[in-house]
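Student: Pasting a structure here, questions to come.
The values are calculated or read from the model by the stated rules, or taken from the named source; none is laboratory data. A quick note: this is a predicted structure, and the numbers were derived from the prediction, not measured. For neighbour counting, all protein chains shown are included, and Cβ atoms are generated from backbone atoms with ideal geometry for every residue, glycine included. Note: areas computed on protein heavy atoms with side chains; ligands, DNA, RNA excluded. Shrake-Rupley method; radii C 1.70, N 1.55, O 1.52, S 1.80 Å.
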Amino acid sequence: MELLLQDSKESLLISDKVFNVPYNEPLIHQIITSYNTMKRKGSKSQKSRSEVSGSGKKPWRQKGTGRARAGSLRSPIWRSGGVTFAAKPKEYFKKVNKKMYKGALKSIFSELIRKNKLVVFKEFLIRSAKTNLLLEKLNKLKIEKVLIILDKLDEKIFLASRNLYKVSVLHVKDINPVDLIRFQQIIITQKALKLVEELF
């Protein structure tokens, strides 16, 4: 399979095993659900009687004091004691094996190519770290909401894109299914595309 490079008349040969895979919507849905779920973190937390501070020594003798029997200062019925059924942070975890994850990403990349949403550059550069320069380049391509994937993070592009909420810059190793789907277009360099091919 061949892809034309945007900034030259050359074409790039890519693997059909990675970039020409059938669209698997149920698998992609499962991977995205899992990815979003694992980003959640439980925040509710209470201390049980084993976690609160205080001595484990019996505060007074069992009989003869006129007071109720007590075995510990950390008892849940006492003020500043532990909670009987202490709430703990919930773990949000949905296991997905590597083969399924890679399969979903290959399916997404293949669909991006079929819909002409993947724009490949030999090199994607700007003269200086100016937002206007990056905007000019994107306007020439008639692209607004875009994810830029680079083989190595360019400080100029990174700084120029920080103020643009519709533009995001990622390294190849940080590629994830959510970002690949939520942007209208994907710009990727030739070297980055080859790294994706090697990874998958």
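Student: For Y92, what residues show an amide H to amide H distance below 5 Å, using hydrogens built from the backbone and excluding near sequence neighbours?
Tutor: G42
Student: Counting only GluC sites (Glu not before Pro) that are in a DSSP loop and have at most 12 other C-beta atoms within 10 Å, tell me the longest site-free stretch of the chain.
Tutor: On the way: sites that count: E10, E51, E91.
Longest gap between qualifying sites, sites excluded: 92-200.
Student: Going by alpha carbons, how many degrees (0 to 90, nearest 10) lie between the helix axis of 190-199 and the longest principal axis of the chain?
Tutor: Roughly 50 degrees between the two axes.
Student: Return, for the Cα atoms of the range 84-200, the radius of gyration and Dmax in Å, separated by a comma.
Tutor: 17.2, 64
Student: Output the 0 to 90 degree angle, nearest 10, between the alpha-carbon long axis of helix 25-38 and the longest principal axis computed from the alpha carbons of the chain.
Tutor: Relative to the chain, helix 25-38 is tipped by roughly 40 degrees.
Student: Give, rounded to the nearest 20 debye, the magnitude of the charge dipole that the chain has about its Cα centre when Lys and Arg contribute +1 at Cβ and Asp and Glu contribute -1 at Cβ.
Tutor: Numbers: 42 positive and 18 negative charges, 439 e Å.
Roughly 2100 debye for the chain.
Student: Further question on the same structure: Considering only DSSP states other than H, G, I, E and B, which trypsin sites (Lys or Arg not before Pro) in the range 130-181 qualify as loop sites with at most 14 other Cβ atoms within 10 Å? Mind dumping the intermediate values first?
Tutor: Numbers: sites: K130, K137, K140, K142, K145, K152, K156, R162, K166, K173; in loops: K130, K142, K145, K152, R162, K166.
Counting only loop positions with at most 14 other Cβ atoms within 10 Å, the trypsin sites (Lys or Arg not before Pro) in the range 130-181 are K130, K142, K145, K152, R162, K166.
Student: Shifting gears a bit: Given H placed on each backbone N at 1.01 Å, which residues far from T189 in sequence or on other chains put an amide H within less than 5 Å of it?
Tutor: Excluding prolines and chain starts, which carry no amide H, the hits are F121, I149, D151.
Student: Report for the chain the percent antiparallel among DSSP-assigned beta bridges with both residues inside it, nearest 5.
Tutor: Working: 3 of 16 bridges.
Once the DSSP bridges in the chain are tallied, antiparallel ones form about 20 percent.
Student: Could you compute the FRET efficiency for L12 and Y92, with r as their C-beta to C-beta distance and R0 at 35 Å, rounded to 0.05?
Tutor: Working: r = 40 Å, r/R0 = 1.13.
Rounded to the nearest 0.05, the efficiency is 0.30.
Student: Just to confirm the number: angle between the C-alpha axis of helix 131-140 and the first principal axis of the chain, 0 to 90 degrees, nearest 10?
Tutor: 50 degrees
Student: Another one. Could you look at the range 79-145 and say what percent of its accessible area is carbon and sulfur, using a 1.4 Å probe and all protein chains? Could you put the intermediate results ahead of the total?
Tutor: Working: 2410 of 4730 Å².
Of the solvent-accessible surface of the range 79-145, carbon and sulfur hold 51 percent.
Student: Let me ask something else about it. I need the chymotrypsin sites (Phe, Trp or Tyr not before Pro) found in the range 1-102, filtered to DSSP loop residues with at most 16 other beta carbons within 10 Å of theirs. Before the final figure, lay out the partial values.
Tutor: On the way: sites: F19, Y23, Y35, W60, W78, F85, Y92, F93, Y101; in loops: Y23, W60, W78, F85, Y92, F93.
For chymotrypsin sites (Phe, Trp or Tyr not before Pro) across the range 1-102 that sit outside H, G, I, E and B with at most 16 neighbouring Cβ atoms in 10 Å, the list reads Y23, W60, W78, F85, Y92, F93.
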